């Protein structure tokens with residue numbers, strides 16, 4: 001093992017990594033809420049994409065334009081972090097995530 005690779009557990013490092021992952025999830029949830037607000041204000045998807053600096057396909061998934069309810073993590077193609085719940089309208093009610101990553 002190289003000198004830069006840990007050879008034992010590092011609880012403090014793991015704790016800090018979890019904090020960063022949690023903040024990332026919160027940031028993605030904020031982006032989704034803002035995309036929904038801008039969509040309600042009649043912004044088109046391209047403008048929302050440019051404003052939030054995320055690709056247009058992600059904006060479409062976040063806004064659930066295909067009629068499927070997705071969790072925020074699935075909306076960002078981060079299926080491993082999906083907790084199988086989704087916001088019904090992006091802001092207020094919980095519903096089951098309808099992503100294809102969940103077998104029926």
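Residue 43 falls short on exactly one of the conditions (1) in a helix (DSSP H, G or I); (2) at pLDDT 90 or above; (3) over 21 Å from residue 97 (Cα atoms), and that condition is (1).
Any residue that is farther than 22 Å from residue 100 by Cβ, free of Cβ contacts under 8 Å to residues at least 60 places away in the same chain, in a helix (DSSP H, G or I) and more than 13 Å from the chain's Cα centre (by Cα) - is there at least one of those in region 19-33? Yes, that holds for at least one residue. Got a number for residues in region 72-104 being part of a loop (DSSP other than H, G, I, E, B), closer than 14 Å to residue 36 by Cα and at pLDDT 75 or above? Total satisfying the criteria: 0. Cβ separations smaller than 7 Å between residues 6+ apart or across chains give the following pairs from region 37-54 residues that are touching a residue at least 12 places away in the same chain (Cβ under 8 Å) to residues that are in a loop (DSSP other than H, G, I, E, B) and surrounded by 12 or more Cβ atoms within 10 Å (Cβ to Cβ): 39/63. Give me the residue from region 22-58 that is touching a helix residue (DSSP H, G or I) at 6+ places or on another chain (Cβ under 8 Å) and closer than 13 Å to residue 78 by Cβ and, out of that set, surrounded by the most Cβ atoms within 10 Å (Cβ to Cβ). Checked region 22-58; the qualifying residue surrounded by the most Cβ atoms within 10 Å (Cβ to Cβ) is 32.
The values are calculated or read from the model by the stated rules, or taken from the named source; none is laboratory data. From a predicted model like this one, the values you see are computed outputs, not experimental measurements. Glycine also receives a Cβ, built like all others from the backbone with ideal geometry; neighbour counts cover every protein chain displayed.
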